[in-house]
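Undergrad: What follows is a structure written as structure tokens; I'll ask about it next.
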Amino acid sequence: MEIRLGYVSTALAIFNNTPSSTFTYKRFAELPREEAMERVIAVARGNLEATRRILYYNAAHGVRLFRLSSALVPLATHPDVELDVRELFGEELAALGAFARREGMRLSMHPNQFTLLNGSDKIVAAAVRDLEYHAGLLEGMGLGDEHVVNIHIGGVYGDKASAIERLHEKLPDVPERIRARLTFENDDKTYTLEETLAVCEREGLPMMLDLHHDACNPSSSSPLDALPRIAATWGRRPMKIHVSSPKSEKEFRAHADDVEPGPVADFLRGCREAGLPRIDVMVEAKRKDLACLRLAAELAGIRGVKRVDGAVLRW
């Protein structure tokens, strides 16, 4: 079984290089519109250049899995701005995508917690705009649907069963080309593994298992018990999961600097025994790339595990 580890958003090992520089709407509104648009576009180009540096760093260090920052293009979905990312940044996106394909990298995006498809019509419309932006970046890179956009089920609004049905009612509002990339993740407070999996199975969408969230908000079934069903939702695409460790007993939901290898190894062993040919593991830790490479080294210490690249293992 091949195991690919990755990390989120930015590489700490690269000095003074952020893909998430911002430009606030307050500042945008203070400037003449033409100048404001120029400033937004310049900030976005800086973020895309920072991303290029990160992808080159990843290639040099054997990291083939990476989550792009959602803040690459500031104000892209603001109703008074609404930038067409594919038109404005076509050259930059195409270059990033070509490099990712050449290096065998799988990229993904994860909109924030306000991208909800089971809220009011206004909230859902805003969520669809946000998903259009995220999918547009990946489309501009020329990447296939194994490069996913991951979200949570959403709010409860006082009635979880009704909230889930609302999600099913509103999913047809999401364009098919976006649905083709969409995954749903179990969360740490509300929607459990079982509830999220049921939604994914009904809608024919992959489930993004988060092991830490399951520890915070467990189901009656363990992740390993549910593994065959979760893996089946991914179809032809390699299954992808999220891993992190609690910051402390008191702050159990918060992410630690690094990831404790034991629980991850236990789950990966189950994946190997289940016959999965490959699994992609997104490390969500404060130390970003450093935590990813450390976890790869620690997992490589397990008997039978071979480290074939910086963050790629075979077991």
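Undergrad: So, by mean Cβ neighbours within 10 angstrom, what's the order for 247-254, 199-206 with the highest one leading?
TA: In descending order of packing, they fall as 199-206, 247-254.
Undergrad: If I model the range 78-117 as equal point scatterers sitting on the Cα atoms and use the Debye formula, what is log10 I(q)/I(0) at q = 0.20, 0.24, 0.31, 0.33 Å⁻¹?
TA: -0.84, -0.93, -0.99, -1.02
Undergrad: Specify which residue in the list Val85, Asn118, Ile3 is farthest towards the positive end of the charge dipole of the chain, using unit charges on the beta carbon of Lys, Arg (+1) and Asp, Glu (-1), about the Cα centre.
TA: With unit charges placed on the Cβ atoms, the residue in question is Ile3.
Undergrad: Another question about this same structure. Would you list, by chain and number, the aspartates and glutamates whose Cα falls below 18 Å from the Cα of Lys250, excluding same-chain residues fewer than 8 positions away?
TA: Of all the aspartates and glutamates, those that pass the test against Lys250 - Cα under 18 Å, at least 8 places apart if same chain - are Asp188, Asp214, Asp258, Glu260.
Undergrad: Still on this model: Going 7 Å from the Cα of Val156 toward and past its Cβ, which residues in the range 213-239 have a backbone nitrogen under 18 Å from where you end up?
TA: 213-220
Undergrad: Before I look further, what does the range 1-123 give for accessible area per residue, probe 1.4 Å, in whole square angstrom?
TA: Solvent-accessible surface per residue comes out at 47 Å².
Undergrad: Counting C-alpha atoms alone, how compact is the chain: give Rg to one decimal and Dmax as a whole number, in angstrom.
TA: Just the Cα atoms of the chain yield Rg and Dmax of 19.3, 63 Å.
Undergrad: For the chain, list the DSSP H helices whose alpha carbon atoms reach 27 Å or more along the long axis and whose average Kyte-Doolittle value is -0.5 or above?
TA: TM-like helix candidates: 33-60, 121-140.
Undergrad: Over the range 179-315, what per residue volume does the convex hull of the Cα atoms give, in whole Å³?
TA: 113
Undergrad: Pull out a ≥ b ≥ c, the square roots of the eigenvalues of the alpha-carbon gyration tensor of the range 139-223, then state rounded if a/c is under 1.5, prolate if not and a/b is larger than b/c, and oblate in the remaining case.
TA: oblate
Undergrad: Just to be sure I understand: with springs between alpha-carbon atoms less than 10 Å apart, which residue in Leu68, Leu224, Leu96 has the highest mean-square fluctuation in the Gaussian network model of the chain?
TA: Sorting by GNM fluctuation, first place goes to Leu224.
Undergrad: Still on this structure, please answer the following. Need one word for the range 7-158: rounded, prolate or oblate. Basis is the Cα gyration tensor (sqrt eigenvalues a ≥ b ≥ c); a/c below 1.5 gives rounded, then a/b vs b/c decides.
TA: Because a/c hits 1.5 or more and a/b fails to exceed b/c, the range 7-158 counts as oblate.
Undergrad: How big is the range 1-43 by the Kirkwood estimate over distinct Cα pairs, in Å?
TA: 13.3
Undergrad: Restricting to the chain, compute how many DSSP beta bridges are antiparallel as a %, nearest 5.
TA: Counting only bridges with both partners in the chain, antiparallel ones make up about 20 percent.
Undergrad: Then there is this: Leaving out ligands, DNA and RNA, and with a 1.4 Å probe, what % of the accessible surface on the chain is carbon or sulfur?
TA: 50
Undergrad: Most fluctuating residue of Glu194, Glu35, Glu298 in a GNM of the chain with Cα springs under 10 Å: which is it?
TA: Glu35
Undergrad: Test of understanding: in a Gaussian network model of the chain with alpha carbons linked when under 10 Å, which of Tyr25, Tyr57, Tyr133 would top the mean-square fluctuation ranking?
TA: Tyr25
Undergrad: For Lys122, give me every one of the lysines with a C-alpha distance below 26 angstrom, ignoring sequence neighbours fewer than eight places off in its own chain.
TA: Qualifying lysines at Cα under 26 Å: Lys26, Lys160, Lys170, Lys189.
Undergrad: Using the heavy atoms of the protein chains alone and a 1.4 angstrom probe, what is the accessible area of the range 188-315 per residue in square angstrom?
TA: Counting only protein heavy atoms, the per-residue value for the range 188-315 is 45 Å².
Undergrad: Defining a contact as two alpha carbons under 8 Å apart and six or more residues distant in sequence, what relative contact order in percent does the chain show?
TA: Worked out over the chain, it gives 22 percent.
Undergrad: Answer with one residue from Asn186, Val43, Pro261: the one whose Cα lies farthest towards the positive end of the charge dipole of the chain, charges on Cβ with Lys, Arg +1 and Asp, Glu -1.
TA: Pro261
Undergrad: Report, by chain and number, residues whose modeled amide H sits under 5 Å from the one on Arg106, excluding near sequence neighbours (fewer than 5 apart, same chain).
TA: The list, which skips near neighbours in sequence, is Leu65, Phe66.
The values are calculated or read from the model by the stated rules, or taken from the named source; none is laboratory data. Note that the structure is predicted; figures quoted are calculated from it, not measured. So basically every Cβ, Gly included, is an ideal-geometry build from the backbone, and we count neighbours across all protein chains shown. Remember, those area values only see protein heavy atoms, side chains included, never the ligands or the DNA or RNA. Shrake-Rupley method; radii C 1.70, N 1.55, O 1.52, S 1.80 Å.
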